[in-house]
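Structure first, then comments.
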Amino acid sequence: MAERRRRKRLNDRLSMLRSIVPKISKMDRTSILGDTIDYLKELLQNINNLQHQLEWGPNQLNIMDILKDMRPNEMLVRNSPKFNVERRNVDTKIEVCCAMKPELLLSTVNRLDSLGLEIEQCVISCFNDFAMQASCSHQQVPEHQMEVINPEDIKQALFKNAGYGGRCL
C-alpha cells in the first residue's frame, strides 16, 4: 500500500509538471523530467539576460539586444501554430500549439465534441501560448449513423476554431 501511494503521488506530481511546462515532447517520465530541466535552464537564462540588461539602464536597452540571444528559428517556432492529428486504431491523438485567445479551450473541447470525439486524456498548458495534447476516442453512435472523420478534416476544423483563416499545412 505504501508503494502504491508513493507511485500515485509521483504520477500526480508528473501530471502537474506536464500541465505547467509548455514544451513536453513525449509523455514518459524521462522526457517530462528532461523537458522540464531544459525549460528551467531556458527560464534561468532569460532571467540572467534581463538582469544583465537592467544593469545597463533603461536608456541603453534595445530590442535588437533582446532578440540577438534568440536562435533564428525560435521566434518563428514559438509564433507559428502547430496542429497534428494522428489516428490509431480506435483512438485519435491530437496536438495543438497556437496563440492564446479567450475561451480557446472551451471552443476546442466543444469542436472536438461536435466532431464526435470524446476526450479520454488531455494535457493543457496556457503559459505563453495555448498547448494541448489529447487522446480521443470516437463517441458511441449507432452504426448506421457512424461517419468516420478524416484526420485532415479534424486538423482543419481545429485550425479554423483557433481563429486562423485558410488551410493548415
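Every read-out reported here was derived from the displayed coordinates using simple, explicitly stated rules and does not represent laboratory data. None of these values were measured; they are calculated from a predicted model. For neighbour counting, all protein chains shown are included, and Cβ atoms are generated from backbone atoms with ideal geometry for every residue, glycine included.
In whole Hz, with x marking every Gly and Pro, tabulate ³J(HN,Hα) for the range 13-27 from phi via Karplus 6.51 cos²θ - 1.76 cosθ + 1.60, θ = phi - 60°.
Calculated HN-Hα couplings, in order: 5, 5, 5, 5, 4, 4, 6, 8, 7, x, 10, 8, 7, 9, 9 Hz.
With the cut-off at 16 Å, report for the range 1-54 the share of all Cα pairs above it, as a whole percent.
For the range 1-54, the fraction of Cα-Cα distances above 16 Å is 52 percent.
Please give, to one decimal in nm, the separation of the simple spin-label points placed at A99 and K26, each 7 Å out from Cα toward the Cβ.
3.3 nm
Obtain the nm distance between the two label points defined at D153 and R13 by a simple spin-label model: each point lies 7 Å from its Cα along the Cα-to-C-beta direction.
In this crude spin-label approximation the distance works out to 4.5 nm.
So if R0 is 41 Å, what FRET efficiency would Q139 and L50 give, r being the distance between their Cβ atoms, rounded to the nearest 0.05?
Efficiency, from the Cβ-Cβ distance: 0.30.
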